[in-house]
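See below for the structure under consideration.
The values are calculated or read from the model by the stated rules, or taken from the named source; none is laboratory data. Everything numeric in this text was worked out from a predicted model, so none of it was measured. Ideal geometry is used to build each Cβ from the backbone, glycine not excepted, and the neighbour counts take in all protein chains shown. Just so you know, the surface numbers come from the protein's heavy atoms only, side chains and all, with ligands and any DNA or RNA stripped out. Shrake-Rupley method; radii C 1.70, N 1.55, O 1.52, S 1.80 Å.
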Amino acid sequence: MEGECRAPQARSSGLPAGGGGGESPGGDAPLPGSSGSSALLQAEVLDLDEDEDDLEVFSKDASLMDMNSFSPVMPTSPLSMINQVKFEDEPDLKDLFITVDEPESHVTTIETFITYRIITKTSRGEFDSSEFEVRRRYQDFLWLKERLEEAHPTLIIPPLPEKFIVKGMVERFNDDFIETRRKALHKFLNRIADHPTLTFNEDFKVFLTAQAWELSSHKKQGPGLLSRMGQTVRAVALSMRGVKSRPEEFMEMNNFIEIFSQKINLIDKISQRIYKEEREYFDEMKEYGPIHILWSASEEDLADTLKGVASCIDRCCKATEKRMSGLSEALLPVVHEYVLYSEMLMGVMKRRDQIQAELDSKVEALTSKKADTDLLTEEIGKLEDKVECANNALKADWERWKQNMQNDIKSAFTDMAEENIHSYEQLQHTRGI
Amino acid sequence: MEQALPDPERRLQPATLEPLGHPDAGLESAVGEEAEGARDEGPGDGTMMENNFWLKKIEISVSEAEKRTGRNAMNMQETYTAYLIETRSVEHIDGQSVLTDSLWRRYSEFELLRNYLLVYYPHIVVPPLPEKRAEFVWHKLSADNMDPDFVERRRIGLENFLLRVASHPILCRDKIFYLFLTQEGNWKETVNETGFQLKADSRLKALNATFRVKNPDKRFTELKHYSDELQSVISHLLRVRARVADRLYGVYKVHGNYGRVFSEWSAIEKEMGDGLQSAGHHMDVYASSIDDILEDEEHYADQLKEYLFYAEALRAVCRKHELMQYDLEMAAQDLASKKQQCEELATGTVRTFSLKGMTTKLFGQETPEQREARIKVLEEQINEGEQQLKSKNQEGREFVKNAWADIERFKEQKNHDLKEALISYAVMQISMCKKGIQVWTNAKECFSKM
């Protein structure tokens, strides 16, 4: 039975939380109960100048947040929550560092697959050691994502790179594909590490630390495939229902997601197209320069001028190459990640709707007095909490996500603009013949 | 052996102009009012002024182009473009120009003029016409002859052609050229009356000469190689340039899509909205800036094209030399064989095969009188042959001398023009960079405010 080990629990036992030592408020008076902790948080917030939006995650309903996981509800201590909140805005206090590298090909009689090396460095107490090195394949990442989605149905889980890209792919394992995937997997794990809640997920920890055989046996402990499938069918029916009774703010959210998804997909296509055009421009320019050199061989007076033009064209080629690599390193992956994010978001909305629908169907059953009233009322009570929890979790995470999105998009495009400016400036200086 | 026909070329005398005024007035052909940019002033500048051209200062311009419909030779309706040629004479004192002539010509008449010049001035590198059909097209440019951009560029090219002819020290004196500018009706008939088409060398003859000539002037052989190289390298360059232009167009235009999408996206964003919207505007500006850039580049391409076609004109001069040289060699060979025949007849030895000789062997000797008669004929032929050879030799030398003078003039012109063109191309690129910097700086500011 996997549990989500709530890090706050470990924290409150006095283990150091990445460099946050100096700022712990009289941490020896852990206040149980929600309202107390939030009051204390408020005070601390003013001192630390935190982004208030993030606090919603740790509001009075935080303790109910993970009702859907199998773990018992744990009170969160203010100390632990403050330290969690700090991670977001003070990266120096980050205590979990993950890198994904060294893709390696493995060949068996049945299949060929790639594994990636994952190195984790941490100072967190709940980890048995401060450094881990494991190898994981894409399937493992998929498993992790599914587990996170189950544990936190209304949190915005970072997206995984696609399974495969049909278009233009001849061989599944060409170098560019692997490299792009590696970078995306790196991003995936780091986003989880940066997420105030997901970072303490138990499956996440197992993923980062367990040896291959340990992971396999851990995986088998989850809900079986059949039960998952059963859930899906029911889920679809439920979600349709949940749409109808969606509260206003979630309607707005859904609207945003739909339009955002459209636009980001277009931007993804446009950016890919620009890359392609730049590449083709580069290819032609590579042929263009040498013709001038060839010509200069038959000329006397014109030879120098021609060579000058040839070297300008050459510079231009190099500048284009740089632009292309800037695009493929910064802009394209970011935009593509948000394309995948937008798909994630739609899934999150669905799940929220499902949860709501579950409640609604029980309420309906109560009003029609079809089943045992007492039992229903109890169930409804639980479901109401569940809905509220889910909604709040989503709302909080939504704000966080939007802020990140804004920053990411802004810096990606700003960098691209900078790259272009730099590129043109370089060319300008070389043109003097 | 028959009498050789009198050399048609000896009879070829291009019509020259009667002097119209004082012999010491100089010609200045300047770019007309509608010419675009400094690039078209090439032929009219500097070095040409010292020569004695027309005896009045004139300005020539091809100022307009008009679509016309008419009936062609097969009495079918056709559409064509006519170009207005205006000639102005510039008064010395106040620099004012007075319109002296104005007429309309179509492209085929320009072609006729040029073909005439080619026949009558084979030792001159005759300026080329702008292309008949649009070539080296990249996707945006229409290959249609009626397309306004094409017509406009052709107008400029035709004006350039006229200016080049007018500033050429020899060509400018030609009467047919003068009439082209001044006599609208009947000009075609006048040209055809010169019978120049008949005097043109047959292509086949020229080809034959190229292969068989034994001792052409080495300079012409080198020039021929050079013109081949020039033609091949410029056409390769133009082809690739067209592809580069196409790609560059693509890069810029796709950015325009950002403009539209950013604008739509900004509608749902609160904080990012303004930044997105204004960044999008700059993307639109960026995308549309490519149109002007590539139009300028098209002018550059036209300048290169002119020299691509000039390469053909160079080859024509080389071909003429080869033809004349071959002709000379054949005449010399013919003379030598006749001399030998004569010698054999006189001495009675048969070294060369001749049908007459064979038949005499088979059917009996000819009489001494017959032999004498034959020797006499041969001697006459030899005499004539020697005279012809002498004049051919002289013509050949004249040709080489005059042609080479024009080739030197051409070389200087080419180096000057192409250097200018290449430099202005570089300047264009710098200005493109400047524009790029400006747009992206603006865009960056918008992005950073998001």
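Between the beta carbons of A:S361 and A:S325, assuming R0 = 45 Å, the FRET efficiency works out to 0.25 to the nearest 0.05. Of the residues B:M74, A:M285, A:M346, the one with the largest accessible area comes first in the ranking B:M74, A:M346, A:M285, computed with a 1.4 Å probe on protein heavy atoms. Packing, as the average of other Cβ atoms within 10 Å across residues, places the peptides A:104-111, A:183-190, B:314-321 in the order B:314-321, A:183-190, A:104-111, highest first. Residue by residue, segment A:137-151 carries 3J(HN,Hα) couplings of 10, 3, 3, 5, 4, 4, 4, 4, 4, 4, 4, 5, 5, 5, 5 Hz when phi is fed to the Karplus relation 6.51 cos²θ - 1.76 cosθ + 1.60 (θ = phi - 60°); x denotes Gly or Pro. Based on alpha carbons, the Rg and Dmax found for segment A:325-372 are 20.4, 65 Å. The residues of segment A:96-221 expose on average 48 square angstrom of accessible surface per residue, using a 1.4 Å probe on protein heavy atoms. Take the accessible area of chain A alone and of chain B alone, subtract that of the pair, and you get about 5100 Å² summed over both chains, using a 1.4 Å probe. Residue ranges B:228-234, B:336-342 sort as B:228-234, B:336-342 when ordered by packing (mean number of other C-beta atoms within 10 Å per residue, highest first).
Can you pull the percent of segment A:96-221's accessible area that's carbon plus sulfur, 1.4 Å probe, other chains left in place? Roughly 53 percent of what the probe reaches on segment A:96-221 is carbon or sulfur. To put it simply, the accessible area of segment A:338-433 at a 1.4 Å probe is 47 percent carbon and sulfur. Applied to segment A:323-335, the Karplus parametrisation 6.51 cos²θ - 1.76 cosθ + 1.60 on θ = phi - 60° returns per-residue 3J(HN,Hα) values of 4, 4, 6, x, 4, 6, 8, 9, 5, 4, x, 5, 4 Hz, with x for Gly and Pro. Taking the accessible area of segment B:143-189, probe 1.4 Å, and keeping the other protein chains in place, the carbon and sulfur fraction comes to 50%. Read phi for every residue in segment B:430-438 and hand back ³J(HN,Hα) as whole Hz from Karplus 6.51 cos²θ - 1.76 cosθ + 1.60, θ = phi - 60°, with x for Gly and Pro. Listing the rounded values in order: 4, 5, 5, 5, 4, 4, x, 4, 4 Hz. Electrostatic tally near B:N192: other residues with Cβ closer than 15 Å to its Cβ, Lys and Arg +1, Asp and Glu -1, net 0. Think of segment A:236-431 as a dipole: +1 on every Lys or Arg Cβ, -1 on every Asp or Glu Cβ, centred on the Cα centre; then among A:Y424, A:S411, A:S342, A:S342 lies furthest on the positive end. Restricted to Cα atoms, segment A:236-431 shows a radius of gyration and a Dmax of 28.6, 103 angstrom.
Bridgeable lysines around B:K435 (alpha carbons under 17 Å apart, same-chain partners fewer than 8 residues away excluded): B:K253, B:K444.
With only Cα atoms counted, segment A:96-221 has Rg and Dmax values of 14.7, 47 Å. Residues of segment A:306-338 whose accessible area, computed with a 1.4 Å probe over protein heavy atoms, drops by at least 30 Å² once all protein chains are present relative to their chain alone are A:V309.
Accessible surface calculations at 1.4 Å, restricted to protein heavy atoms, place segment A:236-431 at 45 Å² per residue.
Please quote Rg/Rh for segment B:140-293 to two decimal places, taking the Kirkwood radius as Rh and restricting both calculations to Cα atoms.
Over the Cα atoms of segment B:140-293, Rg/Rh equals 1.23.
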